[in-house]
Amino acid sequence: MKAVIMAGGKGTRIASLQPDVPKPMIRILQKPILEHQLAALKREGITEIILVIGHLGRVIRDYFGTGDFFGVTITYLEEEEPLGTAGALFLLKDTLTDDFLLINGDIVFDINLQRFLSFHRAKGGAATLFTHPNDHPYDSGLVIADDSGAVQAWLHREDTRGDCPNRVNAGIHILSPRALQSLTALKKTDLDRDLLAPLIREGALFAYASTEYAKDMGTPERFEQVTRDIQRGLIAARNLRNSQKAVFLDRDGTINSAAGYVTQPDALVLLDGAAEAIRKINQSGYLAILVTNQPVVARGDVTEDGLRAIHNRLETLLGRQGAYLDAIYYCPHHPDAGFVGEVPALKIDCACRKPKPGMLLKAAEDYHIDLRRSYMIGDGPRDVAAGQAVGCQTLQVGDGMSLLDAVGVIL
């Protein structure tokens, strides 16, 4: 499999750090960003690299040459004039005859590419975005996908938005050759708006949701954060080839007020310190995963679409404070009958309703979580029992202990 890296960016917001080099050559811990990328690709078995260069491209050529010293094979495509984030792909249409990786040149990442590729091929789309939550969704483009991963909408930073899931395109993509069919001439082309977004109408664009590390270097603040994360070993540890550790979180009474059932988005109110607690989890190397019983769905009080809207509100409120959930699991079932408007198909004794541990087990399977290195935090005995059933350490909030207090015990 080949990887194409778009390495021609100027990096105007971060140029103050190292102004004499192209953006992908800015050094982190004595190595250019691009060298970190090549090392991550090599570890995943990707050694055929095409570098699309432009601004100060000679600096990149002089440093990397043929790639032999770095254990990869590099070929170059140099833009004579700026062609945007995708225009140069027109010149590669005859070369890219199989699925290929397309990566922004300012991303530091370490991901399990085989899992990503398997998802792409299983869906059979023209392109798949690597997506994840981040701590600044309010100024990021947000990808909205259905349960199968098919992208339904793509909201760019300038678009008006309401409550949305915190799911961001990380700048790593897998494209099939048919994704390039719309490139019929050599011209300036925007990857997101001109090439990928039109695939939504065809049902051919998918979003792969991951908890792995991928962060752009667009600002000096993010540069400093990535530097710290490399030094802590956090980036490599988040690769899903490695077992993960998680803090599982109940919702009502743990993250938000539990004054009655939440049946409308505007009824969800964060508890004091909840966003700060989750932000601390995000920064620690633990995954923050919501596992919540929602019998309101089986009772007919809220549809599953309505519950998604409530969780979009939750993610929006957390995102405004720089916090995010890596994944959300909910149980819509309730075993007792007799409610007006109830959904008979959901009135079952399931394996996912806490105190049963089904949601935790599913998360562990999805994200390679070592449950014995993980924690369950909730406000009731059902939460504690679910965590204990799979070997998690448990903490119960309430009686003077907040979520922030509980996270302080862990960290």
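The values are calculated or read from the model by the stated rules, or taken from the named source; none is laboratory data. Source: prediction; values computed, not measured. Backbone-built Cβ (ideal geometry, glycine too); neighbour counts: all protein chains shown. Note: areas computed on protein heavy atoms with side chains; ligands, DNA, RNA excluded. Shrake-Rupley method; radii C 1.70, N 1.55, O 1.52, S 1.80 Å.
With a 1.4 Å probe and all protein chains kept in place, how much accessible area does LYS42 have, in Å² rounded to the nearest 10?
Approximately 100 Å² for this residue.
For the stretch 42-56 and the stretch 126-165, what is the separation of their C-alpha centers, rounded to whole Å?
The distance from the Cα centre of the stretch 42-56 to that of the stretch 126-165 comes to 26 Å.
Give me the distance in nm between label points sitting 7 Å out from Cα along the Cα-to-Cβ direction at THR227 and ILE348, one decimal.
5.4 nm
Cysteines of the chain lacking any other cysteine beta carbon under 4.7 Å?
For the chain, the answer is CYS164, CYS350, CYS392, because their Cβ atoms have no other cysteine Cβ under 4.7 Å.
Around ALA204, what is the net charge, scoring Lys/Arg as +1 and Asp/Glu as -1 over all other residues with Cβ under 10 Å from its Cβ? Don't skip to the answer; put the middle values down first.
On the way: positive: LYS123, ARG178, ARG201; negative: GLU202.
So the environment of ALA204 carries a net charge of +2.
Here are some pairs, LYS2/LYS187; LYS2/LYS42; LYS42/LYS123; which of them have Cα atoms lying more than 18 Å apart in this structure? Display every interim value, and only then the final one.
Working: LYS2/LYS187 23 Å; LYS2/LYS42 11 Å; LYS42/LYS123 25 Å.
Pairs exceeding the cut-off: LYS2/LYS187; LYS42/LYS123.
For the chain, what is the accessible area per residue in Å², given a 1.4 Å probe and the full set of protein chains? Don't skip to the end; give the middle numbers.
Details: 17650 Å² over 411 residues.
In whole numbers, the chain has 43 Å² accessible per residue.
What net charge do the residues around ALA88 carry, taking every other residue with its C-beta under 11 Å from that of ALA88, with Lys and Arg at +1 and Asp and Glu at -1? Please report the intermediate quantities before stating the final value.
Values: positive: LYS93, LYS187, LYS188; negative: GLU78, GLU79, GLU80, GLU81.
Taking every other residue near ALA88 into account, the sum is -1.
Once the whole set of protein chains is in place, how much accessible area is left on VAL407, using a 1.4 Å probe, in Å² to the nearest 10?
Per-residue accessible area (VAL407): approximately 0 Å².
Give me the percent of the accessible area of the stretch 274-411 that comes from carbon and sulfur atoms, probe 1.4 Å, all protein chains in place. All intermediate terms of the calculation are to be shown ahead of the outcome.
Numbers: 2850 of 5770 Å².
Of all accessible area on the stretch 274-411, carbon and sulfur atoms account for 49 percent.
Give me the distance in nm between label points sitting 7 Å out from Cα along the Cα-to-Cβ direction at GLU81 and GLU48, one decimal.
3.2 nm
If I stretch the segment between ALA122 and ARG27 completely, what's the gain in nm (0.36 nm per residue apart, minus their alpha carbon distance), one decimal?
On the way: separation 95, 0.36 × 95 = 34.20 nm, distance 3.71 nm.
Result for the pair: 30.5 nm of gain on full extension.
Considering only the other residues whose Cβ falls under 11 Å of the Cβ of PRO133, what net charge follows from Lys and Arg at +1 and Asp and Glu at -1? Present the calculation step by step, with values, prior to reporting the outcome.
On the way: positive: ARG167; negative: ASP135, GLU315, ASP326.
Net local charge, PRO133 excluded: -2.
Kindly sort ASP366, ASP405 by accessible area of their heavy atoms, largest first, with the probe set to 1.4 Å.
On the way: ASP366 40, ASP405 70 Å².
Final ranking, largest accessible area leading: ASP405, ASP366.
Could you pull the accessible area for CYS350 with a 1.4 Å probe, rounded to 10 Å²?
About 10 Å², ignoring ligands and nucleic acids.
FRET efficiency for ALA39 and SER243, Cβ-Cβ distance as r, R0 = 22 Å, nearest 0.05?
Working: r = 22 Å, r/R0 = 0.99.
Working from the Cβ atoms, E equals 0.50.
Using a Cα-Cα cut-off of under 25 Å, which lysines could be cross-linked to LYS356, ignoring same-chain neighbours fewer than 8 residues away?
Within reach: LYS245, LYS347.
By how many nm would the segment from THR303 to ARG58 lengthen if fully extended, with 0.36 nm per residue of separation less the alpha-carbon distance? Working shown, then result.
Working: separation 245, 0.36 × 245 = 88.20 nm, distance 5.71 nm.
Full extension of this stretch gives 82.5 nm more.
Which percent of the accessible area of the stretch 137-270 is formed by carbon and sulfur heavy atoms (probe 1.4 angstrom)? Each step should come with its number before you reach the end.
Details: 2770 of 5800 Å².
With neighbouring chains kept in place, the figure for the stretch 137-270 is 48 percent.
How many angstrom separate the Cα center of the stretch 170-243 from the Cα center of the stretch 277-355?
The two parts, judged by their Cα centres, are 28 Å apart.
Nearest 500 deg cm²/dmol is fine: what mean residue ellipticity at 222 nm does the chain get from its DSSP H runs of n ≥ 4 alone, each adding -39,500 (n - 2.57), divided by its residue count? List each step's numbers first, then the result.
Values: 10 runs with 102 residues, N = 411.
It lands at -7500 deg cm²/dmol.
Step through the residues of the stretch 51-59 one at a time and calculate ³J(HN,Hα) from phi using the Karplus curve (6.51 cos²θ - 1.76 cosθ + 1.60, θ = phi - 60°), rounding each to whole Hz and writing x for Gly and Pro.
Each residue's phi maps through the Karplus curve to give 9, 8, 10, x, 4, 6, x, 4, 4 Hz.
Over the chain, what relative contact order in percent results from Cα pairs under 8 Å that are six or more residues apart? Write down the numbers at each step before the final one.
Values: 834 pairs, mean separation 59.4, N = 411.
Over the chain, the number comes to 14 percent.
Quick one: length gained pulling ASP146 to LYS93 fully straight, 0.36 nm per residue minus the C-alpha distance?
Extra length from ASP146 to LYS93 when fully extended: 16.1 nm.
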